[in-house]
Amino acid sequence: MIYQSTRNNGLTAPSSAAVLRGIAPDGGLYIFKDFSAMDFDWRSALEKDTLGMAEQILSALLPEFPDMGALVRRAYLNKFETEDLTPVVPVGGRYVLELFRGPTSAFKDVALSMLPQLITSARGIEDIDDEIVILTATSGDTGKAALEGFHDVPGTKIIVFFPENGVSAVQKAQMVTQEGGNVCSCGINGNFDDAQTGVKNVFAAVDAGNLLEGKGARLSSANSINIGRLAPQVVYYFKAYADLVKAGRVSVGEPIDFVVPTGNFGDILAGYFAKHMGLPVGTLVCASNANDVLTDFIRTGVYDRNRPFYRTSSPSMDILVSSNLERLLFLLSGCDDAYVAGLMAQLKETGRYEVTSALLEKLQSEFWAGCCDDAGTKASIADVWNKYGYLCDTHTAVAWNVAEQYAAAGVSSRPVVVLSTASAYKFPAAVLDALGIEPAGDEFRIMEQLQELTGVPMPKNLSGLREKPVLHRDVIEKDEILDYVLRKIAQPKWN
Ligand SMILES: *Cc1c(COP(=O)(O)O)cnc(C)c1O
């Protein structure tokens, strides 16, 4: 299967090169033209265990990698709380797909456990001696999951940029205490979009100026713009479906809906991939917080980032430019590279574009969208706890709230799976507050309060955080990112 840039049908690459580069040389994202080339046997995938399923799905999406089974085992064996990685739990007539049982209690672990394996393998396939320097912009969770995935992985280094005042104290503590000789995390005076734009600009500047020529290093990305980040996320849609079949809740072939708390549009796009690889999916419901740019887009066809940016209680979704949407636009436009390039140029220049009515119609035939603000998030956390005794985090609560709106709209009677993307203990103050208790003390004390109140055990990786020494203290301006990266790459020893 050939990958290519969303902005130029002529810029192609095998999957191994696409994983190594992260982003296409023209700033487009790597994508394939259609799903039929995969010829994917989805029924047989449903019968496998989790790792077997992952091997089959990842081999279809990334065919150049020779020993996917071994890579999958190295990525996942004994790293998650449960053998099946992503359990499904019935809650109040719906199902919650728990994606946060990994080493950093965030759903990003699913992909970022796998990506280092793909990158080291791709380095071999592509016969590269250079060290791979991973650059990552994070709204909180990607950063830690990427640091955890890449620390001490031979042939790689990783630099994570996070908004200095835009992540929770626990998220920040997770990143600045990260150990490993090849890791670095750095705060940015700006928001996530500033960090993400800054990182994208580094890729462009390094490419345009050959800035790493002869330096023994090349850049790659661990953001969901990397196809190696996206592909592992397809697996849990199949896994959730298989679990519901096994539990006798759905019969094979019966479509189900997924509600996805969305930021950069990676998670929900993986659901779209799963659907077009054959999985019986009805509607993909895109849930946003007060940063509702995607809700408006899916309802009207107008993408307009010229609007206030809100810091919400679900910070991993505080995003106004959802990068992965570009891949969906490419597929829905019938692989019209010039059209996508035009939209992206408009987005860059004016912050806005409008898609054709034909494209909007296709979009609306597969997606539904809703949003909720912090008050709605809070109400849903309380509701899910009081009615069903299930503790959910703020991001999951946004999705739950939108699932309720979706039910009220009466457009589907299919079973609904709500994706749960973080442990409640990653956002303890907001969750405790929603449960009617005033949070007191620092965030670690608040985590204990939450545990005392609910009896839901705190994940082990979070409970030891307070005692860990801070190892990373850099904070820079958003226009200093390129200099910072070049300076770090020139430094022989990091920690
Ligand atoms: C990253 C993240 C999301 C959003 O996922 P996207 O793939 O960026 O849409 C939602 N919830 C949490 C907790 C996250 O970390």
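If I stretch the segment between residue 37 and residue 128 completely, what's the gain in nm (0.36 nm per residue apart, minus their alpha carbon distance), one decimal?
Length gained, residue 37 through residue 128: 30.0 nm.
Please list, or write none, the lysines whose alpha carbon is within less than 28 Å of the alpha carbon of residue 362, excluding same-chain residues fewer than 8 places away.
Straight-line reach from residue 362, under 28 Å: 33, 239, 275, 348.
Using just the helices of the chain, give the 222 nm mean residue ellipticity in deg cm²/dmol: DSSP H runs with n ≥ 4 each add -39,500 (n - 2.57), and the total is spread over all residues, rounded to 500.
-13000 deg cm²/dmol
What fraction of the DSSP beta bridges in the chain is antiparallel, stated in percent and rounded to the nearest 5?
In the chain, DSSP labels about 25 percent of beta bridges as antiparallel.
I'd like the Karplus ³J(HN,Hα) series for the range 255-272: coefficients 6.51, -1.76, 1.60, θ = phi - 60°, whole numbers in Hz, and an x wherever there's a Gly or Pro.
Here the 3J(HN,Hα) series is x, 10, 9, 10, 10, 10, x, 10, x, 8, 6, x, 4, 5, 5, 4, x, 5 Hz.
Hey, could you pull the Cα Rg and Dmax for the range 275-343, both in Å?
Expressed in Å, the Cα Rg and Dmax of the range 275-343 come to 13.9, 39.
At a Förster radius of 22 Å, what calculated FRET efficiency corresponds to the Cβ-Cβ distance of residue 349 and residue 311, to the nearest 0.05?
Efficiency, rounded to the nearest 0.05: 0.25.
Any idea what the dipole of the range 372-495 comes to, in debye rounded to 20, about its Cα centre with Lys/Arg Cβ at +1 and Asp/Glu Cβ at -1?
Roughly 560 debye, rounded to the nearest 20.
Points 7 angstrom from Cα along the Cβ direction at residue 388 and residue 479: gap in nanometres?
For residue 388 paired with residue 479, the spin-label model returns 4.9 nm.
What distance in nm separates the simple spin-label points at residue 453 and residue 491, each placed 7 Å from Cα in the Cβ direction?
Each label point lies 7 Å from its Cα, and together they span 4.0 nm.
Taking 0.36 nm per intervening residue step and subtracting the Cα-Cα distance, what contour gain separates residue 249 from residue 302 on full extension?
Full-extension gain reported as 15.3 nm.
Report the FRET efficiency, 1/(1 + (r/R0)^6), for residue 437 and residue 11, where r is their Cβ-Cβ distance and R0 is 45 Å, rounded to 0.05.
0.25
Quick one: which residues, 5+ away or cross-chain, put their amide H under 5 Å from the amide H of residue 185? H built at 1.01 Å from N.
160
The range 77-121: which trypsin sites (Lys or Arg not before Pro) are DSSP loop and have at most 15 other beta-carbon atoms within 10 angstrom?
79
Less than 18 Å from a label point 7 Å out along the Cα-to-Cβ axis of residue 70: which backbone N atoms in the range 209-242 qualify, by residue?
Within reach of a label on residue 70, which here means backbone N under 18 Å from a point 7 Å along Cα→Cβ, the range 209-242 contributes nothing.
Could you give the length gained by full extension between residue 79 and residue 210, i.e. 0.36 nm per residue of separation minus their alpha carbon distance, to one decimal place?
43.3 nm
Where a number appears in this text, it was derived from the coordinates with a stated rule and is not lab data. Predicted model, so just to flag it, every value in this text is computed and none were measured. Here Cβ is always computed from backbone atoms with ideal geometry, including for glycine, and neighbour counts include all displayed protein chains.
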